[in-house]
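Asker: One structure follows; several queries about it will come next.
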Amino acid sequence: MTLPNAAITDEVVAEHGLTQDEYQVVLRILGREPNLTELGIFSVMWSEHCSYKSSKRWLKTLPTDGPNVIQGPGENAGVIDIGEGLAAVFKIESHNHPSFIEPYQGAATGVGGILRDVFTMGARPIANLNALRFGDPDHPKTRHLISGVVGGIGGYGNCVGVPTVAGEVNFHPAYNGNILVNAMTVGLAQADRIFYSAAAGPGNSVVYVGAKTGRDGIHGATMASKEFDEDSEEKRPTVQVGDPFTEKLLLEACLELMERDCIVAIQDMGAAGLTSSSVEMADKGGLGIELDLDRVPVREEGMTAYEIMLSESQERMLMIIRPESADEARAVFEKWDLDFAVIGSVTETGHIVLKKDGVVQCDIPVEPLVGEAPEYDRPHTPTAPQPMIAAADVAAPKASLGEVLALLMSCPDMASRRWIWEQYDHLVMGDTMIRPGADSGVVRIRDTDRGLAVTVDCTPRYCLADPKTGGAQAVVETWRNITATGATPLAATNNLNFGNPEKPVIMGQIVGCVTGMGDACRALDYPIVSGNVSLYNETEGTAILPTPVIGGVGVIENVNKLATPALKAAGETLVVLGQ
Amino acid sequence: MKSAIIVFPGSNRDRDMVMALRQASGSDPAMIWHKETEIPDVDLIVVPGGFSYGDYLRAGAMGALSPAMRTVKERSDKGVPVLGVCNGFQILTEAGMLPGALMRNSGLKFVCKTVHLKVETSQSLFTSGYSDGQVISVPVAHNDGNYFADPDTLDRLEDRGQVAFRYVAADGKPGNNPNGSQRDIAGIYNETKTVLGLMPHPENAIEALHGGTDGRGLFDGLVKALH
Amino acid sequence: MKATVHVTLKSGVLDPQGKAIGHALSTLGFSGVGEVRQGKVIEISLDETDAAKAEADVKAMCERLLANTVIENYSIRIDG
Amino acid sequence: MKATVHVTLKSGVLDPQGKAIGHALSTLGFSGVGEVRQGKVIEISLDETDAAKAEADVKAMCERLLANTVIENYSIRIDG
Ligand SMILES: Nc1ncnc2c1ncn2[C@@H]1O[C@H](COP(=O)(O)OP(=O)(O)O)[C@@H](O)[C@H]1O
């Protein structure tokens, strides 16, 4: 096999985010030196983002099963049974770093990514949520960031036509250099028509659909990729631009095709693009995949195997279909003016093999590529318990109660978010029964009396003070917010946003929060069915507050019995429940 | 009442419109893909809301050029009523079936909220379910709802009673224009009042659970008028 | 050939985007900024090699799609 | 003086609008249309009478507001 002639020096390995120890494993798996494309693939698959190498050990402790769970973590999204033969499909995902670099596009593509995770599984998205964290409102960047992020979330979701029905926004100086943008989507599917990502049937076709591949967001070695990029006069932006219109077409085309019997498996091309989608599909099916990269629809000329495999272009999907279904499937995608290309086939080799220009450019055994991904038990120091504050030590406010109330209501964390959710189409689809501004958003399930109550919550300062209690509190708050509408909480998703896990203190926060979350979920029979982890949220050594955002979903059998916070008439009795 | 909805790539309130028409008329509208030129014999054609072609270039510009829109124009010329809501209104102006243009909201932000509208007259196919001057509340959800026409056109629209709805405050007085629209215009008719374009979404206010049912008057009125 | 089309709002048509930019520039402390107008520029690669024909084609594109002549003017430049 | 600022997407950055326009032009029957890119043109009236100073000012405006330099390039023309 001819290899692209780039020397794999220690520096190139380091630029791909692999440690020397990790690289030794690569050498052992391959029994030879990788070429640059192969190194790129290992780098992507073994990144924190794809491999969960720091958090996996702790995520395993979460309860993920229960009578309603159809699919727990491990697929594109979690799936739960919501009665009447229907399923809710949902997940939350972060797009923190891209949103800090380019708030509008970063947030927009975050929404695009989570929508794809949900409709890949055969569900029509019916509700979007977002959990946002910004720095000090007076910080010079905050205004620009928040207006961009809110604009991007609205710009994408409104165009695709999915109502954004709930969310939360916090401000704290710890997020000055590191905002958090977590987006959640809830979709609706037939419980017996869920689509999964495991490749099956050697000889079946691997099909690429959606938008073309460009040189978007190719990470990795700036130095190494420079070789492929000599003529580029400007540094390539690492930000992707979202195209919600194409996403809407992709959504409709996929759902249309799913009504027929064509799709064997389907997987969206998320952050790690063609690499993670093809590798994961092969791994889950215990099979191999061979791709001819010359057949990948590209937007730019002269793209290399490395670039095609690592591109983060948006609005793309990978499917496995039976060869005899190809014409039928192609007709659907062409109706929607989308690219459709058979780019390879499922094999029995257990290897991922990539060809370009008639030459094999990559040949990696899939099982160890996934199975031997690093997993760390990083040292963790528990957060020291904080002394209790005695009420008597807190000075009573000097102002009148009315003034205190006004002060509370005008502080950034408490003030009305109406100006935000008015920029989100929260009514499209005509099934929004509780709009933003209440405890949970509620959307009706079309053609039934049922509704889904959805919410996202976290109180980071609690998590900082006491990670375990804070993690539990976030779970419990979603549970309460769902219950308050009259719905029964069924399951949750989570987005773990933390600093650098290589620091024992941060790792201690992760361990504490996850433990607390697990305890609360077990106590409430409220399993975690999906989630996302975003680590290394630090600027100049300062970490964000520990922010394990929980997204909850509950069902109400009769939406006519919904409870809302509005006072209904004068003279009614107010009751306080609980302690 | 038999109806048809034109579906564009990027339409997203087409299904909301189906629900409203089904409730009011008891039958399902025919869904016509924008590439088709055949539209069945119907009493009403609806151009629904959404982001046809992503609202790229100008909202409604590319949708207006669809093959189906040629047929819509022909039918409209023969007197078949046409209703355009939100993106549908934008498409009808871009197609030249209604005067003026819809520009970016003056606040430059997407705006989704419930607004109050004054029904200028009940003397139309579309508003016979309301009374003259009635104030109704229905939601808006748009980026480009800022109605523009030159002053002569605006005067003419007003003189001929072609203004269908205006944004008002809850008490019916001027105010609460959500998008900078000229003369608070939320919806207009063509000269024969057989074509209505409006930015707000009556189809999202037809059941108590929507938080209001003021949108029903439009559909119920149409069903009665076109029976 | 390459065509560059400028689409600008007719004078007399209020330009909310331009106004907002002007306002933002003042807020940022730029003084002496008068009217600001925002328009579009559309660049089109064409197979056509005859400049006159290219211009005629692009004019037709403007009339049919690229500009809304109710509110916008357009101008065309053709480069070899 | 008058400044005209062109803001265009950097090469390689996806331009959904341009793509959709190109597609629409082909559907309308215009043949031989290659890549289409859409950008912005911003016209600014300035009190400044010194061209060099005006250019420097406008450059600052571009960097701070008019262009998103993560994904966009800009160019400035100053007319008397
Ligand atoms: N980013 C957002 N997107 C949509 N809705 C939001 C967003 N932020 C806040 N909201 C809504 O505003 C209301 C108040 O928010 P918040 O104060 O965080 O609520 P709570 O503390 O009760 O969970 C909630 O109904 C919430 O859903």
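Asker: With the structure loaded, tell me whether A:A453 is open to solvent by less than 10 Å² (accessible area, probe 1.4 Å), touching a residue at least 40 places away in the same chain (Cβ under 8 Å), within 16 Å of the ligand (Cβ to nearest atom) and touching a helix residue (DSSP H, G or I) at 6+ places or on another chain (Cβ under 9 Å) or whether it fails that test.
Answerer: Yes: the conditions hold for A:A453.
Asker: Test each condition in (1) touching a strand residue (DSSP E or B) at 6+ places or on another chain (Cβ under 7 Å); (2) aliphatic (A, V, I, L, M); (3) open to solvent by 10 Å² or more (accessible area, probe 1.4 Å) for B:A208 and report the one that comes out false.
Answerer: Among (1) touching a strand residue (DSSP E or B) at 6+ places or on another chain (Cβ under 7 Å); (2) aliphatic (A, V, I, L, M); (3) open to solvent by 10 Å² or more (accessible area, probe 1.4 Å), B:A208 violates only (1).
Asker: Of everything in the stretch D:40-67, what is touching an Asp or Glu at 6+ places or on another chain (Cβ under 7 Å) and not aliphatic (A, V, I, L, M)? Give them in sequence order.
Answerer: Result: D:S45, D:E48, D:D57.
Asker: Another one. Return yes or no: is A:P489 within 15 Å of the ligand (Cβ to nearest atom) and touching a residue at least 12 places away in the same chain (Cβ under 8 Å)?
Answerer: yes
Asker: Okay, moving on. Of all residues in the stretch D:11-24 being in a loop (DSSP other than H, G, I, E, B) and open to solvent by less than 30 Å² (accessible area, probe 1.4 Å), which is farthest from the other protein chains (Cβ to nearest Cβ)?
Answerer: Per the criteria, the residue is D:D15.
Asker: Kindly evaluate C:V33 against the criterion of being in contact with a Phe, Trp or Tyr (Cβ under 7 Å, 6 or more places away or on another chain) and within 11 Å of chain D (Cβ to nearest Cβ).
Answerer: Details: in contact with a Phe, Trp or Tyr (Cβ under 7 Å, 6 or more places away or on another chain): no; within 11 Å of chain D (Cβ to nearest Cβ): yes.
Against the criterion (in contact with a Phe, Trp or Tyr (Cβ under 7 Å, 6 or more places away or on another chain) and within 11 Å of chain D (Cβ to nearest Cβ)), C:V33 does not qualify.
Asker: So, of the residues in the stretch A:131-146 that are within 14 Å of another protein chain (Cβ to nearest Cβ) and closer than 15 Å to A:L180 by Cβ, which turns out to be nearest to the ligand (Cβ to nearest atom)?
Answerer: Within the stretch A:131-146, the match that is nearest to the ligand (Cβ to nearest atom) is A:I146.
Asker: Look at the stretch B:40-61 and say how many of its residues are at negative phi and either aromatic (F, W, Y) or open to solvent by 10 Å² or more (accessible area, probe 1.4 Å) (or both).
Answerer: Number of matching residues: 8.
Asker: Still on this structure, please answer the following. Residues that are over 29 Å from A:N182 (Cα atoms): list the helices (runs of 4 or more DSSP H) wholly contained in the stretch A:363-466 that include at least 2 such residues.
Answerer: A:366-371, A:401-410
Asker: Take A:I29 and decide whether it is modelled with pLDDT under 95 and open to solvent by less than 60 Å² (accessible area, probe 1.4 Å).
Answerer: no
Asker: Would you say A:R124 is surrounded by fewer than 23 Cβ atoms within 10 Å (Cβ to Cβ), in contact (Cβ under 8 Å) with a residue 60 or more places away in the chain and out of contact with any Pro (no Cβ under 6 Å at 6 or more places or on another chain)?
Answerer: It is true that A:R124 is surrounded by fewer than 23 Cβ atoms within 10 Å (Cβ to Cβ), in contact (Cβ under 8 Å) with a residue 60 or more places away in the chain and out of contact with any Pro (no Cβ under 6 Å at 6 or more places or on another chain).
Asker: With the requirement that a residue be facing another protein chain (nearest Cβ under 7 Å) and open to solvent by less than 30 Å² (accessible area, probe 1.4 Å), what does the stretch C:44-57 give you?
Answerer: C:I44, C:L46 - these are the residues of the stretch C:44-57 that are facing another protein chain (nearest Cβ under 7 Å) and open to solvent by less than 30 Å² (accessible area, probe 1.4 Å).
Asker: Next up: Quick one: would you say D:T27 is at the interface with another protein chain (Cβ under 8 Å from one of its Cβ atoms), more than 20 Å from A:G148 (Cα to Cα) and at pLDDT below 95?
Answerer: Considered against the rule, which asks whether it is at the interface with another protein chain (Cβ under 8 Å from one of its Cβ atoms), more than 20 Å from A:G148 (Cα to Cα) and at pLDDT below 95, D:T27 comes out as yes.
Asker: Another one. Determine the pairs where a residue that is closer than 13 Å to A:T185 by Cα, located within the stretch A:101-119, has a partner that is crowded, with 24+ Cβ neighbours inside 10 Å and β-branched (V, I, T) with Cβ atoms under 6 Å apart, the partner being 6 or more residues away or on another chain.
Answerer: Filtered contacts from the stretch A:101-119: A:G110/A:V181; A:V111/A:I153; A:I114/A:T185; A:L115/A:T185; A:V118/A:V89; A:V118/A:T185.
Asker: If A:S410 passes every condition in (1) more than 11 Å from the ligand (Cβ to nearest atom); (2) under 12 Å from A:L129 (Cα atoms); (3) not acidic (D, E) but one, which one does it miss?
Answerer: So the condition that A:S410 fails would be (2).
Asker: Being assigned to a strand (DSSP E or B) and open to solvent by less than 10 Å² (accessible area, probe 1.4 Å) narrows it down to one residue among A:L291, A:L274; which is it?
Answerer: Selected residue: A:L291, the only one of A:L291, A:L274 that is assigned to a strand (DSSP E or B) and open to solvent by less than 10 Å² (accessible area, probe 1.4 Å).
Rundown of residues vs (1) in contact with a Phe, Trp or Tyr (Cβ under 6 Å, 6 or more places away or on another chain); (2) within 29 Å of C:G34 (Cβ to Cβ); (3) at the interface with chain C (Cβ under 7 Å from one of its Cβ atoms); (4) surrounded by 19 or more Cβ atoms within 10 Å (Cβ to Cβ), yes/no style:
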site: D:G39; (1), (2), (3), (4): no, yes, yes, yes
site: D:I42; (1), (2), (3), (4): no, yes, yes, yes
site: D:K59; (1), (2), (3), (4): no, yes, no, no
site: D:T69; (1), (2), (3), (4): no, yes, no, no
site: D:Y74; (1), (2), (3), (4): no, yes, no, yes
site: D:G80; (1), (2), (3), (4): no, yes, no, no
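Asker: Looking only at the stretch B:125-139, decide whether some residue is within 14 Å of chain A (Cβ to nearest Cβ) and surrounded by fewer than 24 Cβ atoms within 10 Å (Cβ to Cβ).
Answerer: yes
Asker: While we're here: Right, B:V115: more than 26 Å from A:L249 (Cβ to Cβ), of a type in the set (A, V, I, L, M, F, W, C) and either within 12 Å of another protein chain (Cβ to nearest Cβ) or within 14 Å of the chain's Cα centre (by Cα) (or both) or not?
Answerer: Here the answer is yes, as B:V115 does meet what is asked.
Asker: Listed residues A:R480, A:R522; which is within 16 Å of the ligand (Cβ to nearest atom) and at pLDDT 95 or above? So that I can check it myself, show each step before the final result.
Answerer: Working: A:R522 fails: within 16 Å of the ligand (Cβ to nearest atom).
Exactly one of A:R480, A:R522 is within 16 Å of the ligand (Cβ to nearest atom) and at pLDDT 95 or above, namely A:R480.
Asker: Of the residues that sit in the stretch A:147-162 and are at negative phi, open to solvent by less than 10 Å² (accessible area, probe 1.4 Å) and facing chain B (nearest Cβ under 9 Å), which one is nearest to the ligand (Cβ to nearest atom)?
Answerer: Restricting to residues being at negative phi, open to solvent by less than 10 Å² (accessible area, probe 1.4 Å) and facing chain B (nearest Cβ under 9 Å), the top hit is A:V150.
Asker: Quick check on the stretch B:28-39: of everything there that is more than 10 Å from chain A (Cβ to nearest Cβ) and outside any loop (DSSP other than H, G, I, E, B), which residue is least open to solvent (accessible area, probe 1.4 Å)?
Answerer: Out of the qualifying residues, it is B:I32.
Asker: Just give me the residues in the stretch A:425-447 being near the ligand (Cβ under 8 Å from one of its atoms), at the interface with chain B (Cβ under 10 Å from one of its Cβ atoms) and crowded, with 24+ Cβ neighbours inside 10 Å, in sequence order.
Answerer: A:H426
Asker: Check the stretch A:185-194 and report whether any residue there is within 16 Å of the ligand (Cβ to nearest atom) and surrounded by 22 or more Cβ atoms within 10 Å (Cβ to Cβ).
Answerer: Checked against the condition, which is being within 16 Å of the ligand (Cβ to nearest atom) and surrounded by 22 or more Cβ atoms within 10 Å (Cβ to Cβ), the stretch A:185-194 yields at least one hit.
Asker: Name every residue in the stretch A:261-271 that is closer than 17 Å to A:G214 by Cα and buried (at least 24 other Cβ atoms within 10 Å of the Cβ), in order of residue number. Walk me through it before giving the result.
Answerer: Filtering the stretch A:261-271 for residues closer than 17 Å to A:G214 by Cα gives A:268-271.
Within the stretch A:261-271, A:D268, A:M269 qualify.
Asker: Could you pull out the residue among A:T61, A:T37, A:T19 that is more than 18 Å from the chain's Cα centre (by Cα) and surrounded by 18 or more Cβ atoms within 10 Å (Cβ to Cβ)?
Answerer: A:T37
Asker: Further question: Condition first: farther than 20 Å from A:Q267 by Cβ and touching a residue at least 40 places away in the same chain (Cβ under 8 Å). Now tell me which residues in the stretch A:306-327 satisfy that.
Answerer: A:Y306, A:E307
Asker: If you don't mind, another one. Do you know which of the residues in the stretch A:107-130 that are assigned to a strand (DSSP E or B) and under 26 Å from A:S313 (Cβ atoms) is nearest to the ligand (Cβ to nearest atom)?
Answerer: Taking the stretch A:107-130 first, the residues assigned to a strand (DSSP E or B) are A:124-130.
Pick out the ones that are also under 26 Å from A:S313 (Cβ atoms) and you get A:124-125, A:128-130.
Details: A:R124: 20, A:P125: 15, A:N128: 9, A:L129: 7, A:N130: 5 Å.
Across the stretch A:107-130, the extreme among qualifying residues is A:N130.
The values are calculated or read from the model by the stated rules, or taken from the named source; none is laboratory data. Note that this is a predicted model, so its numbers are computed, not measured. When we count neighbours, we look across all protein chains shown, and the Cβ atoms used for this are built from the backbone with ideal geometry, even at glycine. Keep in mind that these areas ignore ligands, DNA and RNA; they rest on the heavy atoms of the full protein, side chains included. Shrake-Rupley method; radii C 1.70, N 1.55, O 1.52, S 1.80 Å.
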